């Protein structure tokens, strides 16, 4: 494994080292505030337990990457995903809905009067795209409940933010906002050998100090290396599956073209030369 000056912030260990500890909560606050772009401002937060028990034995214990509460009672789930997951959207909807349902008291609901706090699920997606997002240009999907016909917001206090880092392509000299700066370091930290000029602000100077690989002790380096290998293995498996799917798709297209060429009277040798299919495979198509 090639060692870099700074750790990968989107590895499981790297993310938790930087964002999941009390001394570094100013980094998480700055990142969350950048995501909201001034729509709301978090002044302080506290870290909550990152696991809770499901409603049934089948659901079991749910482990969240990071769960915290803002100074006005807002609940934030921050998740890192490095490969597509089965029922990905539904799982994130479950996380947010569970945090709302858990606020209900066991009794005396009349006095409670459904005073639920805001809930936001933030997902950092690295190495894959958001299914159904409609293109390769979207980086931040900021989602809430709204009217289907007008787009007017129906309920502001439950939101989902999906961040497609694969679509963030800005260079250092193109960064023009605090959110740009955060997305740049999240995606590129492990490729850098010094702090970029645009990021020479106290919050990012602290981030770069914490993220130095040389600052890890022997045990921490071992944990980080294992975490990074798992991330690479997951992304390698995804790349293999995507390439296999493309290859199978191309082969299917070739067979369909061969079938049409047979119908138009091309002979087997001609089709083989043009499409690169074997003569034996084309002969099989004649009998289908």
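The fewest-to-most ranking of 11, 257, 20 by surrounding Cβ atoms within 10 Å reads 257, 20, 11.
Rounded to the nearest 10 degrees, the inclination of helix 88-101 to the longest alpha-carbon principal axis of the chain is 20 degrees. Extending 7 Å from the Cα toward the beta-carbon at both residue 22 and residue 3 defines two label points whose distance is 3.2 nm.
Give, in nm to one decimal, the length gained when the segment between residue 173 and residue 197 is fully stretched (0.36 nm per residue of separation minus the Cα-Cα distance). Spell out each step's value before the answer.
Working: separation 24, 0.36 × 24 = 8.64 nm, distance 0.90 nm.
7.7 nm is the gain from fully extending residue 173 to residue 197.
Report the FRET efficiency, 1/(1 + (r/R0)^6), for residue 157 and residue 221, where r is their Cβ-Cβ distance and R0 is 45 Å, rounded to 0.05. Display every interim value, and only then the final one.
Values: r = 42 Å, r/R0 = 0.93.
E(calc), rounded to 0.05, equals 0.60.
When the Gaussian network model of the chain links Cα atoms closer than 10 Å, the mean-square fluctuations of 182, 112, 232 top out at 112.
Just want the ordering: 120, 114, 160, 94, from fewest to most Cβ atoms lying within 10 Å of their own Cβ. Could you put the intermediate results ahead of the total?
Working: 120 23, 114 8, 160 19, 94 16.
Ranking 120, 114, 160, 94 by Cβ neighbours within 10 Å, fewest first, gives 114, 94, 160, 120.
Label-to-label distance for residue 89 and residue 230 is 2.8 nm, based on points extended 7 Å past Cα in the beta-carbon direction.
By the beta-carbon count within 10 Å of each Cβ, the least crowded to most crowded order of 139, 279, 123, fewest first, is 279, 139, 123.
Against the main long axis of the alpha-carbon atoms of the chain, helix 25-36 sits at an angle near 60°. Working note: 222 nm ellipticity from helices only, DSSP H runs with n ≥ 4, each -39,500 (n - 2.57), summed and divided by the residues of the chain, gives -13500 deg cm²/dmol to the nearest 500.
Residue 39 to residue 253: FRET efficiency via 1/(1 + (r/R0)^6), r the Cβ-Cβ distance, R0 35 Å, to the nearest 0.05? Kindly include the intermediate steps, with their values, before the conclusion.
Working: r = 46 Å, r/R0 = 1.32.
With a Förster radius of 35 Å, E is 0.15.
Could you compute how fast the range 12-215 diffuses translationally, taking Rh as the Kirkwood radius over C-alpha pairs and applying Stokes-Einstein at 37 °C with viscosity 0.692 mPa s? Give it in µm² per second.
On the way: Rh = 18.5 Å.
Answer from the Stokes-Einstein relation: 177 µm²/s.
Where both partners of a DSSP beta bridge lie in the chain, what percent of those bridges are antiparallel, to the nearest 5? Walk me through the numbers before you get to the answer.
Details: 18 of 32 bridges.
If we restrict to bridges inside the chain, about 55 percent are antiparallel.
GNM on the chain, C-alpha springs below 10 Å: top fluctuator among 263, 219, 174? Answer for the Gaussian network model of the chain: 263. In degrees, nearest 10, range 0 to 90: what is the angle between the Cα axis of helix 218-263 and the longest Cα principal axis of the chain? For 218-263 against the chain, the angle is about 30 degrees. Taking 14, 127, 236 in turn, the Gaussian network model of the chain (Cα-Cα springs below 10 Å) assigns the largest fluctuation to 236.
Just so you know, all these numbers are worked out from the coordinates, no wet-lab data involved. Quick caveat: nothing in here was measured; it's all calculated off a predicted structure. Note that each Cβ is placed from the backbone with ideal geometry, even for glycine, and that neighbours are counted across all protein chains shown.
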